[in-house]
Amino acid sequence: MARKPVTFPLPLLIAFIFPSLLLLIAGRCADGRPISPLAEEEAFDLPISDGFSGRTDAAYEYGPFLVLPRGSATESCEPTYGFLPCTTTVVGNLFLVLVYGFLMFKAATYLSSGSELLLQILGPGIVGGLFLPILGALPDAMLILVSGLSGSKETAQSQVLIGMGLLAGSTVMLLTLLWGSCVVVGKCDLSDSSTSVDLQDTRGFSLFASGISTDVQTSYAARIMAISVVPFIIVQLPRIFKFPSGQRLAVLVALIVAIALLLSYCLYQVLQPWIQRRRLEFAKHRLVMSGILKHVHTQSLGHLMDDNGKPNSHVIKKLFHKVDLDKNQSISRSELRALIIGLKMGEIDLDKDGAVDKVMNEFDTSRDDNIQEEEFIEGISKWIDEAYRSVAFSGSYSQKLHHFHVKARNEHNMLHDQSEEAADGTESPAWICFKAILLLVLGTFIAAVFADPLVDAVDNFSSATKIPSFFISFIAMPLATNSSEAVSAIIFASRKKQRTASLTFSEIYGGATMNNVLCLAVFLSLVYVRHLTWDFSAEVLVILVVCIVMGIFTSLRTTFPLWTCFVAFLLYPLSLVLVYVLDFVFGWS
């Protein structure tokens, strides 16, 4: 059997060289501490300006943006690793935060792509349950780790607030902004039984008549997420009961509980990989969809799109009459099964009866167990729209259709359990394994190397702007480490189906769970090993409020009308206000 070519995700060299060039530009604009002191006459030869006269002894500049103060050792910056650019100016540190943040975003993207390729080799059980959650949280964990390892104990105590800001910001962003956005883009009409109708969105932005529905397994994921806050509660007990001498013991107990919950969660995912099975089920359905659309093209029935870029109803009618073998103006289950068998999926182990049930359930809106011509045209038209929306490829009609079919087949192969695949079902396993390892190594390397510079840049930007570092890391850093997953979740939710909504929200709850166990375990390890002071009551309260409110709210129901997105959205500014009031008004920290 001829092997299909495996497409490389993104040219690694270009993606790695581009941010490196930005760093070189930053190096032209930013200066580290001189190796040897400048002679007095050399210092006066530098281009200097105080903004009013031609020269000043207070500052000097090498570039048009980044100005380095001189004469005060406390205001000079310390270059990370001794050679990376640093600065004490607002614009310069903002630029460095953006550059290092982009590099952390690329690290998260490489780790995500590499772990998905591992799914194709090892199957969803081990990889989906163990490696994927850990690799997804690795950039956040790396940033938290380096925030407490740098410098003296006093420096670590100051910078570890950045790690806490990232931990809180990442969790809050997932459960508020991302959760609410997925409700908005994934909303469908709600039926009389308060469940969403797949692919039907005719009621606009009705707060009560439109929304999303998930399955009961998704509510289980929300309950697990709510339980994962237990270590936060344990570590706060000495503060609650005014027992400061027991704080170090509470940190140790919370660390042990966090590790135990992490291992339990990963074991649960390995033994009960229902999220991966649901992905595989969805991938099989997409494969049937692409196979039927491709069948129209290969049978020369005509173009599925007309000259105006709309589904061609004339061609769809020709397909309907071809499938309608007994010519009774309706398609029965047996006729639909004959069509699916005729698709000849080759090595794909497709459940024919299950595929018939799904297509019949999606097309048969009259529920008479037959597909009428109007229902068939409407169903195929929705498939065509979804196929064209999901292919980010500009080309001819046939090229787009071929690309969609290849994408659906690759998605199926990637998610299919290895034990259920044929011996030759995985294409070029050695090459795919090499790519996966390369992406994982590259992503881990970038995250490890540039996590410390990013923390330093955020700390310096905080000093230059007098903005608390917590708020900078709370707002900005989660965008760098979680943006790729956020975009993927929004695209998935936009398909407007209960299956995709269930998978999207399950992964959101899973991401928050990993923050609460893996990232917290890293944070507690730093506090315990370096004998740091636990002084994060306001930040912990924010995490508890958001996780418990969203956990209880989402675990007790499976349908979420559009109005629920505003509950999630409002929790985000409320979190910022709560931290500010508790820390700077009531002096909790």
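Every residue in segment 191-232 that is outside the structural domain of A250 (by the TED database) and either in a strand (DSSP E or B) or at pLDDT 95 or above (or both), please.
Hits for segment 191-232 are S196, S210, G211, I212, S213.
Look at K153 and say whether it is under 28 Å from A464 (Cα atoms), touching a His at 6+ places or on another chain (Cβ under 9 Å), at pLDDT 80 or above and in the same structural domain as D456 (by the TED database).
Spelling it out, K153 is indeed under 28 Å from A464 (Cα atoms), touching a His at 6+ places or on another chain (Cβ under 9 Å), at pLDDT 80 or above and in the same structural domain as D456 (by the TED database).
Can you name the residue in segment 195-223 that is buried (at least 22 other Cβ atoms within 10 Å of the Cβ) and of a type outside the set (S, T, N, Q) and is also nearest to C266 (Cα to Cα) among such residues?
The qualifying residue nearest to C266 (Cα to Cα) is A221.
Return yes or no: is V172 in contact (Cβ under 8 Å) with a residue 12 or more places away in the chain, farther than 21 Å from I548 by Cβ and either out of contact with any Gly (no Cβ under 9 Å at 6 or more places or on another chain) or in a helix (DSSP H, G or I) (or both)?
Taking the combined requirement at face value, the residue does not satisfy it.
Yes/no per residue for (1) assigned to a helix (DSSP H, G or I); (2) modelled with pLDDT of 95 or more; (3) farther than 19 Å from V184 by Cβ:
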site	(1), (2), (3)
M550	yes, yes, no
F560	no, yes, no
C565	yes, yes, no
F569	yes, yes, no
L578	yes, no, yes
V581	yes, no, yes
W588	no, no, yes
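Is there any pair with a first residue in segment 322-350 that is farther than 14 Å from M360 by Cβ and assigned by the TED database to the domain that holds F363 and a second that is modelled with pLDDT under 90 and open to solvent by 90 Å² or more (accessible area, probe 1.4 Å) whose Cβ atoms are under 9 Å apart and which are 6 or more apart or on different chains, and what are they?
G346/M1; E347/M1; D349/E420
Kindly indicate whether any position in segment 534-542 is polar (S, T, N, Q) and assigned to a helix (DSSP H, G or I).
Yes - at least one qualifying residue is present in segment 534-542.
So, of the residues in segment 85-109 that are open to solvent by less than 20 Å² (accessible area, probe 1.4 Å) and at pLDDT below 85, which turns out to be nearest to the chain's Cα centre (by Cα)?
Step by step, filter segment 85-109, then rank; the result is A108.
Which residue out of L541, L524 is surrounded by fewer than 21 Cβ atoms within 10 Å (Cβ to Cβ) and in contact (Cβ under 8 Å) with a residue 12 or more places away in the chain?
Answer to the check: L541.
The values are calculated or read from the model by the stated rules, or taken from the named source; none is laboratory data. Being a predicted model, the structure only gives us computed values, none of them experimental. Here the Cβ is made from the backbone with ideal geometry for all residues, glycine too, and neighbour counts use every protein chain on show. Ligands, DNA and RNA are excluded from the accessible area calculation, which covers all protein heavy atoms including side chains. Shrake-Rupley method; radii C 1.70, N 1.55, O 1.52, S 1.80 Å.
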